[in-house]
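As structure tokens, the structure follows; a few thoughts come after it.
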Amino acid sequence: MRNIARSGSVADSVSTPDQIASSPPSTTQPTTPGARPGTGGKASGAGTTGKPVRSESRAGILFGIGAYGLWGLLPLYFFILQPAGALEIVANRIVWSLIFCALLITVTRAWKALGNALRDRSVFGPLAVAAVLIAINWLTYTFGVTTGHAVETSLGYFINPLVSVLLGVFVLKEKLRPLQWAAVGIGFLAVGVLTFSYGQLPWIALVLAFSFGLYGFVKKRVGPKVDALTSLSVETVVLAPFAAVTMVVLGSSGASTLTTMGPGHFWLLLASGVITAVPLLFFGASARRLPMTTIGLLQYFAPILQFIVALTVFNETMTPARWTGFGVVWLALVLLTIDMLRMTRKNSVLKKQARA
């Protein structure tokens, strides 16, 4: 029973920015792709053919690829927003996300849920903390991409699973399995190699990994109480005043590009609200249809795409020492993935025996 309880721990959960808002704990996930809560792990209407199960699974995978694909290609969006800087991009992203969320809440008639979340201290408090963490994450990520460090930003999301493991040890006092210990040790070795390669700590990658790891930890505490849209809305409500002041200050000092670079640039910046929300909604649709193991495997799409974009579009340099460091990180991730798959298989067997 110990293994079953730990299958949904921080050490076993891996995610990318924005997605955790809609990711419930693994204990609430259907045991069969496409299953609905309360159906005993069987897909609704599956009958004897299993076609609805496969259809739901296929849709979940497509939604997941869509979400992670959009996150992985996000550096291209920041690239075409030049000469806008990280501060301006993030401020616009927050303000226009809030407006887009308000429209979605109006369409879905979810104002009551938002009001309840804002009044409930047990929900609003953690989401306010999460808002600060994701703001740090967004600023660091955008700064990295717009200053020629897109490779290092992809590294941050590659090592994020290792940070999740460390949080499980130091915050939740979890005991690691041998493969997890090996992955953590290899991860520390990789940071050492990359520090030597860069001539300094890869601080952009570390800030991204730890800010999002903590963000995910906070969101998992409150995740069952709010849906993805409400969660994102509360976070943007918290950040919007600061973002609005930033936009005013940039505009009054002549540093803003929102209205000075033509209508195309203006509408591209306004689109940041949609670009923030759509992948999150895709992820929510995927998480409802797929087990967390599949989600955990799909999440590597984002940093892989970021890495490819950095090399092929931005032409960033990868020295032999950096290739070595990334290779060591990837080895650690392979060990974590093997451990996750083994535990998922073992837990599946235990659950079947328990039902029998």
* Over the range 230-356, give the accessible area per residue in Å² for a 1.4 Å probe, as an integer. => 47 Å²
* To do: First measure r as the distance between the Cβ atoms of Lys112 and Met261, then evaluate 1/(1 + (r/R0)^6) with R0 = 56 Å and state the FRET efficiency to the nearest 0.05.
  => 0.90
* Asked: Counting only protein heavy atoms, what percent of the accessible surface of the range 76-166 is carbon or sulfur at a 1.4 Å probe?
  -> 72 percent
* Asked: What ranking do 270-280, 341-351, 175-185 get when scored by the average of other Cβ atoms within 10 Å per residue, highest first?
  -> 270-280, 175-185, 341-351
* Taking all protein chains together and a probe of 1.4 Å, list Asp227, Asp339 from the most accessible to the least accessible. => Asp227, Asp339
* Spin-label model distance (nm) - Ala354 vs Ile338, 7 Å beyond Cα toward Cβ -> 2.8 nm
* Structure fact -> For Thr259 the rounded accessible area (nearest 10 Å², probe 1.4 Å, non-protein molecules ignored) is 110 Å²
* Asked: Given a Förster radius of 51 Å and the C-beta distance between Leu62 and Phe196 as r, what FRET efficiency does 1/(1 + (r/R0)^6) yield to the nearest 0.05?
  -> 0.80
* To do: Sort Phe282, Phe79 from largest to smallest accessible area, using a 1.4 Å probe on the heavy atoms of the protein chains.
  => Phe79, Phe282
* Roughly speaking, to the nearest percent, how much of the range 210-356's 1.4 Å accessible area is carbon and sulfur? -> 71 percent
* Structure fact -> Sorted on mean Cβ neighbours within 10 Å (highest first), peptides 311-323, 209-221, 54-66 come out as 209-221, 54-66, 311-323
* To do: State the Cα centre-to-centre distance between the range 177-213 and the range 247-277 in whole Å.
  => 35 Å
* How high is the relative contact order of the range 71-151, in percent, with contacts defined as C-alpha pairs under 8 Å that are six or more residues apart? -> 59 percent
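The values are calculated or read from the model by the stated rules, or taken from the named source; none is laboratory data. Since the model is a prediction, treat every value here as computed from it, not as a measurement. FYI the Cβ positions are ideal-geometry reconstructions off the backbone, even for glycines, and counts take in every protein chain you see. These area figures cover heavy atoms from the full protein model, side chains too; ligands, DNA and RNA do not enter into them. Shrake-Rupley method; radii C 1.70, N 1.55, O 1.52, S 1.80 Å.
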